[in-house]
Amino acid sequence: MTRMNTLAAVAFAFAAGVASLNASADNIDPANYGVAAQASAGARVVDITPRTRYINVTDGDTVTFNVGGQQFTWTFRVNHGEGVVALSAILPKELDAHGVMVYVGQDPSYR
């Protein structure tokens, strides 16, 4: 294997490891993805059902999640502009998010 291929393989393995850490609810500090917000601040309401697999949001969005009739509001703020996090990592423990992932995109006004 050439040095370039070795470096590419190491970079890929590192990126895969970071992605798996980002996706795991057990290894996430919710503060890295934003803060809980008042429900009245929620500009968007998303119903989480057993069929929901993922949600796309933009950095800075405030979203109210409706999970089994209970609501929880979160303002997404990521230091690196984008990321992926398991919804269960930011929801209160009593709410079940069925393995739903949240993909946080970069705010286009900062590109």
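The values are calculated or read from the model by the stated rules, or taken from the named source; none is laboratory data. Keep in mind that this is a model prediction, so the values were computed, not measured. FYI the Cβ positions are ideal-geometry reconstructions off the backbone, even for glycines, and counts take in every protein chain you see.
Here are the numbers for this structure:
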| read-out | value |
| --- | --- |
| Options 15, 19, 31, 36; residue that is among the aliphatic types (A, V, I, L, M), surrounded by 12 or more Cβ atoms within 10 Å (Cβ to Cβ) and either modelled with pLDDT under 75 or more than 18 Å from residue 97 (Cα to Cα) (or both) | 19 |
| Residues of region 84-105 satisfying the condition of being part of a loop (DSSP other than H, G, I, E, B) and not basic (Lys, Arg) | 91, 92, 94, 95, 96, 97, 98, 99, 100 |
| Residue that is farthest from residue 36 (Cα to Cα) [pool: residues in region 64-87 that are crowded, with 21+ Cβ neighbours inside 10 Å and touching a Gly at 6+ places or on another chain (Cβ under 8 Å)] | 76 |
| Failed item, numbered, when residue 43 is tested on (1) touching a strand residue (DSSP E or B) at 6+ places or on another chain (Cβ under 8 Å); (2) modelled with pLDDT of 90 or more | (2) |
